[in-house]
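Read the structure below first, then the notes.
The values are calculated or read from the model by the stated rules, or taken from the named source; none is laboratory data. These numbers come from a predicted model, not from an experiment. We place every Cβ from the backbone using ideal geometry, glycine too, and count neighbours over all the protein chains shown.
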Amino acid sequence: MVQLRLGDTVPDFTQASSMGDISFHEWAGDSWVVLFSHPADYTPVCTTELGEVAKLKSEFDKRNVKVIALSVDDTDSHQGWINDINETQTTNVNYPILADSDKKVSDLYDMIHPNANAKVTVRTVFVIDPQKKLRLTLTYPPSTGRNFDEVLRVIDSLQLTDNYQVATPANWEEGEDVVVAPTIPTEEAKQKFPKGVTEIKPYLRMTPQPDK
């Protein structure tokens, strides 16, 4: 079993989904991807999660992010579950759900944690960049629903910090001040960030978000 680590190229696969067969790398194209896994169809917490992601689809689209779910049940089961999600969450599931009944993708992405439950996938979020590199993993227990505002916040941070020599501080939200990368001397930072650099400590310098 290969454990995926940040910066690794994620494995490619071809698998059935609620929207037909998907060849993952080809489907992803030059987009970012959020792949999120579920223990099984017709599970209550996951029903709310898939509905929430459907409602946030326009937010993911704005960030050039494709979303794709995974559950270990088959496509017929997925279709019935999607009807329930649409009805109970007042939405329309508008992205594919992989059917991983053979657990091929679950094994590739190490989604089965035997000490938690050997029979089902854990509830993990993978954020993957356009180069197919793994940039974030979040793994939740079955009893705790995921916070997809946090997933969007992390993607905002990743996309910003990929393009500028900055990092984002605790609880950062889009539009707030960011941290100047410690590798840049303060005088150089003042030239690089014309909106201003505030030196709190020599290693802690803040600047307004540079792309705003």
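Among the residues of segment 140-159, write down those that are free of Cβ contacts under 8 Å to residues at least 24 places away in the same chain and surrounded by 15 or more Cβ atoms within 10 Å (Cβ to Cβ). Quick ask: steps written out before the conclusion?
Of segment 140-159, the ones free of Cβ contacts under 8 Å to residues at least 24 places away in the same chain are 140, 147, 149-150, 153, 157.
Hits for segment 140-159 are TYR140, ARG153, SER157.
Reported count of residues in segment 96-125, each being in contact with a Leu (Cβ under 9 Å, 6 or more places away or on another chain) and either assigned to a loop (DSSP other than H, G, I, E, B) or at pLDDT 95 or above (or both), is 5. Of the residues that make up segment 180-188, is at least one within 14 Å of the chain's Cα centre (by Cα) and assigned to a strand (DSSP E or B)? Among the residues of segment 180-188, not one is within 14 Å of the chain's Cα centre (by Cα) and assigned to a strand (DSSP E or B), which makes the answer no.
Can you tell me which residue among VAL105, VAL93 is of a type in the set (A, V, I, L, M), more than 25 Å from GLY7 (Cβ to Cβ) and surrounded by 20 or more Cβ atoms within 10 Å (Cβ to Cβ)?
After applying the criteria, what remains is VAL93.
Which residues, counting only those in segment 130-177, are within 13 Å of the chain's Cα centre (by Cα), of a type in the set (S, T, N, Q) and in a loop (DSSP other than H, G, I, E, B)? Selection gives ASN147 alone.
Is it the case that segment 61-69 has a residue that's in the same structural domain as PRO141 (by TED's automatic domain parsing), surrounded by fewer than 20 Cβ atoms within 10 Å (Cβ to Cβ) and part of a strand (DSSP E or B)? Spell out the reasoning first.
Start the filter on segment 61-69 by keeping residues that are in the same structural domain as PRO141 (by TED's automatic domain parsing), which leaves 61-69.
Pick out the ones that are also surrounded by fewer than 20 Cβ atoms within 10 Å (Cβ to Cβ) and you get 61-64, 66.
From what's left, part of a strand (DSSP E or B): 66.
Yes, segment 61-69 contains a residue that is in the same structural domain as PRO141 (by TED's automatic domain parsing), surrounded by fewer than 20 Cβ atoms within 10 Å (Cβ to Cβ) and part of a strand (DSSP E or B).
Residues that are in a loop (DSSP other than H, G, I, E, B), assigned by TED's automatic domain parsing to the domain that holds ILE97 and among the polar types (S, T, N, Q) within segment 1-58 comprise SER31, THR43, listed in sequence order.
Any residue in segment 31-44 that is at pLDDT 90 or above, out of contact with any strand residue (DSSP E or B) (no Cβ under 8 Å at 6 or more places or on another chain), surrounded by fewer than 17 Cβ atoms within 10 Å (Cβ to Cβ) and within 18 Å of ASN94 (Cα to Cα)? No; the residues of segment 31-44 include none that is at pLDDT 90 or above, out of contact with any strand residue (DSSP E or B) (no Cβ under 8 Å at 6 or more places or on another chain), surrounded by fewer than 17 Cβ atoms within 10 Å (Cβ to Cβ) and within 18 Å of ASN94 (Cα to Cα).
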